[in-house]
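Student: Dropping the structure in here first, questions after.
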There are 2 protein chains.
Amino acid sequence: MKRKLTLKLIAKELGVSISTVSKALRDSPEISEETREKIKAYAKLYNYKPNNIALSLKNRRTNTIGVIIPQIVHHFFTTVISGIEQEARDRNYNVIICLSNNGFDKEVENMELLANGSTDGFILSISKETMLKEDYHHLNEVIEQGMPVVMFDRVVEGISCDRVLIDDKAGAKKGVSHMIRTGCRKIGIITSEDYISVGRLRTEGYLDALDDYGIAANDNLILKLDNIDDLTEESKKRIEDFVTKNDLDGIFTVNEFFAVHATRVLTKLGKRIPEDVSIVCFTDGQLSENMIPSLTAVSQHGEEMGRKAASILIEKLEREDSETAPYDTAYIDTSLVERESTRKLNR
Amino acid sequence: MKRKLTLKLIAKELGVSISTVSKALRDSPEISEETREKIKAYAKLYNYKPNNIALSLKNRRTNTIGVIIPQIVHHFFTTVISGIEQEARDRNYNVIICLSNNGFDKEVENMELLANGSTDGFILSISKETMLKEDYHHLNEVIEQGMPVVMFDRVVEGISCDRVLIDDKAGAKKGVSHMIRTGCRKIGIITSEDYISVGRLRTEGYLDALDDYGIAANDNLILKLDNIDDLTEESKKRIEDFVTKNDLDGIFTVNEFFAVHATRVLTKLGKRIPEDVSIVCFTDGQLSENMIPSLTAVSQHGEEMGRKAASILIEKLEREDSETAPYDTAYIDTSLVERESTRKLNR
């Protein structure tokens, strides 16, 4: 059987990166003329068609939405997917999901795969590596070909697409304010490095809340971790040090894993929750709900986010003037789910 | 834009079910001749091609694996997907995922969608509704068209495909035997109704372990729930009654949710874990690992299962004689992960 020629195979054959091939085929001035010519000649020789996206679009609608997410072992993404599925089902669309595993090349490949006549448009949350590279040519490419894109959660600026965001800053502020109102004064935050937008925004919300109540911020009470998608051994160690060293009466975390590990460390230290230390985490998932004590959480309403993203995309797909329609950013409100890890408010 | 004609649209237009359309188009004698003729005429009129699967296969390989799973908000499935992704990446295949939401029609639609030239073969775990209906024509159809299928976890007999299974019975036996060896004598099980194969097999493993140690089984200590994919209010209530009514010294559950809820009920009743009651659950996921106390679990090795399924499928895709190659069932061993919810064994 003949193998279908893909960007990846061309890249492998010519010893260049996938994005170099992708850019060369659209004549990007970022790639030297010599390389561009070589790649285009190869693609032509083997009959690779970079423009079959537009071709297929003219011929038919697939009624299928392509979803690309960084990873799946993350409850929040699975709730967003549930929301996308529900909205799509209600409106007679199918959904196809691909994972980027937080890698740039994989994200580019996935877009090529799905743009190739399988889907009408995309919903995506970009990979960590793409954010670091700041290379969005693959998104711009499908958009130029007439396939609308809706970004959610991890979004970037400067791309002609709609966006659905959690109001991360307001959400974090809500959680931290609740701790202050229930008596916490020395609140630490376990967050991410600033290049991950959700972490940066949640840190801002934390600082805002302190400021509102006239509590001075202290850099020692801010722990920035590199990886917020799971709980690495390195992160565990840093959380243990942070919680043990600082005599906190409140801990705010940007995800569930960090809160769970902080709870474990506090329990070992003999601290009572919430009598001695209150805990609030971002993301209301299975862990927050099921832990003993259950954790007060800022709910991201993942399903609602997914529904909204799908609804925006489908509306765009069904508009006659979609190519000239303006782009919008929708915010999904967060809400605080009070559980056992915080004290009750004296109302 | 012209809508692409799908099974679903034909079904809607003619007021019949999706599976009726699908069966009529392949001339199944299950459908009356009149209906068959009507459907075939309609499909012909609108140029619907049920056989474009074979067509596309002759022309090209997609190097893409289609994965269809019942649902995604379930940590086990996400680990299997991670394993499939890893193996596929190592061997230069792409992965496309669709969800059936445990529905039969959706599963049939997904197979049509992905068989339509997007993928070379399938990995799937069938939906609850398909199991109840015992209607597998959609699987037989893609297999007859030359697309290999590998089923995992929720599999059925009588289909020409490879299978990857957890040894559910041996796994449950391992967990229950461990409780007996550490002193438990009145062990209850929270499982599913028998039509869900994983539940039935795990119940058998539980009974086997009791039998091995000469402990008489007691129907009152077996709670069979209808839904094992999540924790409904109904299930919570039944678990509460079951745990409260029976003075158990050990509880074995077929998933994490049930174990977590049992833990909560026991904590409320003032029982100590593991001093008064031991708990072991099937599935080693985020909840087992992070709960306080952490839960002893039968690990299903989801990643390994995914890797194995992908590896079997890819080997079949790359064999010249794949159509006559024999079918096999691979078993993935389980292992017991001892944590805080069981007593230590006196060795």
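The values are calculated or read from the model by the stated rules, or taken from the named source; none is laboratory data. Just so we're clear, the structure is a prediction, and the values are computed from it rather than from any experiment. Neighbour counts run over all protein chains shown; Cβ positions are idealised from the backbone, glycine included. For the accessible areas, the whole protein counts, side chains as well, though only heavy atoms, and no ligand, DNA or RNA atoms are used. Shrake-Rupley method; radii C 1.70, N 1.55, O 1.52, S 1.80 Å.
Student: Run the reach check for A:LYS133 against aspartates and glutamates, Cα to Cα strictly under 19 Å, same-chain hits fewer than 8 apart removed. What comes back?
Tutor: Hits, sequence-local ones excluded: A:GLU30, A:ASP105, A:GLU107, A:GLU109, A:GLU112, A:GLU141, A:ASP153, A:GLU157, A:GLU193, A:ASP194, A:ASP226, A:ASP229.
Student: Further, regarding this structure: Ignoring ligands, DNA and RNA, what percent of the 1.4 Å accessible area of segment A:42-179 is carbon and sulfur?
Tutor: Details: 1930 of 4200 Å².
It is 46 percent, rounded to a whole number.
Student: Is there a quick way to get the dipole size of segment A:168-300? I mean about its Cα centre, with the Cβ of Lys and Arg at +1 and of Asp and Glu at -1; what is the value in debye to the nearest 20?
Tutor: Values: 17 positive and 22 negative charges, 81 e Å.
The dipole of segment A:168-300 has a size of about 380 debye.
Student: Suppose we keep just the DSSP beta bridges with both residues in chain B; what percent of those would be antiparallel, to 5? If you can, show how the numbers build up before the last one.
Tutor: On the way: 3 of 38 bridges.
For chain B, the DSSP antiparallel bridge percentage is about 10.
Student: In nanometres, what is the gap between the two model label sites at B:GLU275 and B:VAL156, each 7 Å from Cα along Cα-to-Cβ?
Tutor: 5.1
Student: Using only protein heavy atoms and a 1.4 Å probe, report how much of A:GLU340 is accessible, in Å² to the nearest 10.
Tutor: Result for A:GLU340: roughly 80 Å² accessible.
Student: Taking H placed 1.01 Å from N in the peptide plane, check which residues at least 5 places from B:THR283 or on another chain put their amide H under 5 Å from its amide H.
Tutor: When sequence neighbours closer than 5 places are left aside, the close amide H contacts are B:VAL298, B:GLN300.
Student: At 222 nm, what value in deg cm²/dmol follows for chain A if DSSP H runs of at least 4 each add -39500 (n - 2.57) and the sum is divided by all its residues, to the nearest 500? Intermediate values should be presented prior to the final figure.
Tutor: Details: 14 runs with 157 residues, N = 347.
Computed ellipticity for chain A at 222 nm equals -14000 deg cm²/dmol.
Student: Moving on. In the protein assembly as shown, what percentage of the DSSP-assigned beta bridges are antiparallel, given to the nearest 5? Could the numbers behind the result be given before it?
Tutor: Values: 7 of 79 bridges.
Of all bridge pairs located within the protein assembly as shown, approximately 10 percent are antiparallel.
Student: So what is log10(I(q)/I(0)) for segment A:14-173 at q = 0.10 1/Å, when the Debye sum runs over its Cα atoms only?
Tutor: -0.39
Student: Within 10 Å of each candidate Cβ there may be at most 15 other Cβ atoms; applying that plus a DSSP loop requirement, which GluC sites (Glu not before Pro) in segment B:110-166 survive? Show your work: numbers first, answer last.
Tutor: Details: sites: B:GLU112, B:GLU129, B:GLU134, B:GLU141, B:GLU144, B:GLU157; in loops: B:GLU134, B:GLU157.
Passing both the DSSP loop test and the Cβ count: B:GLU134, B:GLU157.
Student: Accessible area per residue of segment B:167-214 at 1.4 Å probe, in Å²? All intermediate terms of the calculation are to be shown ahead of the outcome.
Tutor: Details: 1700 Å² over 48 residues.
Heavy-atom SASA per residue in segment B:167-214 reads 35 Å².
Student: Near the amide H of B:MET147, under 5 Å away, which other amide H atoms are found, from residues 5 or more places off or on another chain, if H is placed in the peptide plane?
Tutor: Under 5 Å from the amide H of B:MET147 lies no amide H from a residue far enough along the sequence or on another chain.
Student: Same structure again: So how tilted is helix B:75-90 from the main axis of chain B? Cα-based, degrees 0 to 90, rounded to 10.
Tutor: 50
Student: For the protein assembly as shown, give the magnitude of the charge dipole about the Cα centre (Cβ charges: +1 Lys/Arg, -1 Asp/Glu; no others), in debye to the nearest 20.
Tutor: For this selection, approximately 100 debye.
Student: Length gain on complete extension for the stretch A:GLU340 to A:ASP321, per 0.36 nm per residue less the alpha carbon to alpha carbon distance? Let's see the in-between values first.
Tutor: On the way: separation 19, 0.36 × 19 = 6.84 nm, distance 5.07 nm.
Taking A:GLU340 through A:ASP321 to full extension adds about 1.8 nm, to one decimal.
Student: Within segment A:93-176, which chymotrypsin sites (Phe, Trp or Tyr not before Pro) sit in a loop by DSSP and count at most 14 neighbouring Cβ atoms inside 10 Å? Please report the intermediate quantities before stating the final value.
Tutor: Values: sites: A:TYR93, A:PHE104, A:PHE122, A:TYR136, A:PHE152; in loops: A:TYR93, A:TYR136.
Sparse-neighbourhood loop chymotrypsin sites (Phe, Trp or Tyr not before Pro): none present.
Student: Tell me whether the protein assembly as shown comes out rounded, prolate or oblate; compute the Cα gyration tensor, take square roots of the eigenvalues as a ≥ b ≥ c, and use a/c under 1.5 as the rounded threshold.
Tutor: Values: a/c = 1.91, a/b = 1.21, b/c = 1.58.
Verdict is oblate for the protein assembly as shown.
Student: Continuing with the same structure: Run the numbers on segment B:108-178 and let me know its relative contact order in percent, using alpha-carbon pairs under 8 Å that are six or more apart. Show your work: numbers first, answer last.
Tutor: Values: 61 pairs, mean separation 20.0, N = 71.
Rounded, it is 28 percent for segment B:108-178.
Student: Using protein chains only (no ligands, no nucleic acids) and a 1.4 Å probe, work out which residues of segment B:71-90 have their accessible area cut by at least 50 Å² relative to the chain alone.
Tutor: B:ILE72, B:VAL73, B:GLU85, B:ARG89
Student: Mind grabbing the interface size between A and B? I mean buried accessible area, both sides, 1.4 Å probe, in Å² to the nearest hundred. Mind showing how you got there, number by number?
Tutor: Working: alone 16460 and 16490 Å², together 28430 Å².
The summed interface area works out to 4500 Å².
Student: Additional query: Given the Cα-Cα distance of B:TYR42 and B:ASN218 and 0.36 nm per residue of separation, how much length would full extension add, in nm? Show your work: numbers first, answer last.
Tutor: Working: separation 176, 0.36 × 176 = 63.36 nm, distance 5.77 nm.
The B:TYR42-B:ASN218 span can extend by a further 57.6 nm.
Student: Okay, moving on. Enter the Cα centre distance for the pair segment B:187-248 and segment A:297-347, rounded to the nearest angstrom.
Tutor: For segment B:187-248 versus segment A:297-347, the Cα centre distance is 39 Å.
Student: What residues in segment A:112-127 lose 20 Å² or more of accessible surface when the other protein chains are added to their chain alone (1.4 Å probe)?
Tutor: A:LEU113, A:SER118
Student: Just to be sure I follow: if Rg is taken over the C-alpha atoms of segment B:253-347 and Rh is the Kirkwood radius over the same atoms, what is Rg/Rh? Write out the running numbers ahead of the final one.
Tutor: Details: Rg = 19.0 Å, Rh = 15.6 Å.
Radius of gyration relative to Kirkwood radius: 1.22.
Student: Angle between the Cα long axis of helix B:302-318 and the longest principal axis of chain B, 0 to 90 degrees, nearest 10?
Tutor: 30
Student: Suppose we consider the axis relating copy B to copy A; can you name the residue of B with the nearest Cβ and state that distance in angstrom as an integer?
Tutor: Nearest residue, distance rounded to whole Å: B:ILE97, 2.
Student: If the reach is capped at under 30 angstrom between alpha carbons, list the lysines near A:LYS245, excluding any in the same chain fewer than eight residues apart.
Tutor: A:LYS169, A:LYS173, A:LYS174, A:LYS186, A:LYS224, A:LYS236, A:LYS237, A:LYS268, A:LYS271, A:LYS344
Student: What percent do you get for the relative contact order of chain B when only Cα pairs under 8 Å and 6+ apart count? Numbers along the way, then the final one.
Tutor: Numbers: 617 pairs, mean separation 62.1, N = 347.
Once divided by the residue count of chain B, the mean separation gives 18 percent.
Student: Now for a separate question. With unit charges on the beta carbons (Lys and Arg positive, Asp and Glu negative) and the dipole taken about the Cα centre of chain A, which residue among A:ILE332, A:GLN286, A:ASN140 sits farthest to the positive side?
Tutor: Farthest towards the positive end: A:GLN286.
Student: Let me ask something else. Classify segment A:168-300 from the C-alpha gyration tensor, please: rounded if a/c falls under 1.5, else prolate or oblate depending on whether a/b exceeds b/c.
Tutor: On the way: a/c = 1.23, a/b = 1.08, b/c = 1.14.
Because its axes are fairly even, with a/c under 1.5, segment A:168-300 counts as rounded.
Student: While we're here: Go through segment B:151-168 residue by residue and turn each phi into a ³J(HN,Hα) via Karplus (6.51, -1.76, 1.60, θ = phi - 60°); whole Hz please, and just put x for glycine and proline.
Tutor: Listing the rounded values in order: 9, 9, 6, 9, 10, 10, 8, x, 10, 7, 8, 7, 9, 10, 10, 6, 7, 4 Hz.
Student: Of all the accessible heavy-atom surface of segment A:221-347, with the other protein chains kept in place and a 1.4 Å probe, what percent is carbon and sulfur?
Tutor: Working: 2530 of 5730 Å².
Answer for segment A:221-347 is 44 percent, counting heavy atoms of protein chains only.
Student: Here is a follow-up. Could you tell me which of B:ILE314, B:ILE166, B:THR6 has its Cα farthest along the dipole of chain B towards the positive end, charges placed at Cβ (Lys, Arg +1; Asp, Glu -1), taken about the Cα centre?
Tutor: It is B:THR6, whose Cα lies furthest towards the positive end.
Student: Rounded, prolate or oblate: which fits chain A when a ≥ b ≥ c are the square roots of the eigenvalues of the alpha-carbon gyration tensor, with rounded for a/c under 1.5 and prolate only if a/b beats b/c? Each step should come with its number before you reach the end.
Tutor: On the way: a/c = 2.62, a/b = 1.97, b/c = 1.33.
Judged from the Cα gyration tensor, chain A comes out prolate (a/c at least 1.5, a/b above b/c).
Student: Kindly provide log₁₀ I(q)/I(0) values, in the same order as q = 0.16, 0.21, 0.26 Å⁻¹, from the Debye equation applied to equal alpha-carbon scatterers of segment B:256-309.
Tutor: -0.49, -0.73, -0.99
Student: Where the label is 7 Å out from Cα toward Cβ, how close does B:THR329 come to the same position in every other copy, in nm, shortest first?
Tutor: Once sorted, the set of distances for B:THR329 reads 5.5 nm.
Student: For chain A, give the magnitude of the charge dipole about the Cα centre (Cβ charges: +1 Lys/Arg, -1 Asp/Glu; no others), in debye to the nearest 20.
Tutor: Details: 47 positive and 56 negative charges, 155 e Å.
The calculated dipole for chain A is roughly 740 debye.
Student: Then there's this: Compute the acute angle (0 to 90°) between the alpha-carbon long axis of helix B:233-245 and the principal axis of greatest extent of the alpha-carbon atoms of chain B; round to the nearest 10°.
Tutor: Roughly 30 degrees between the two axes.
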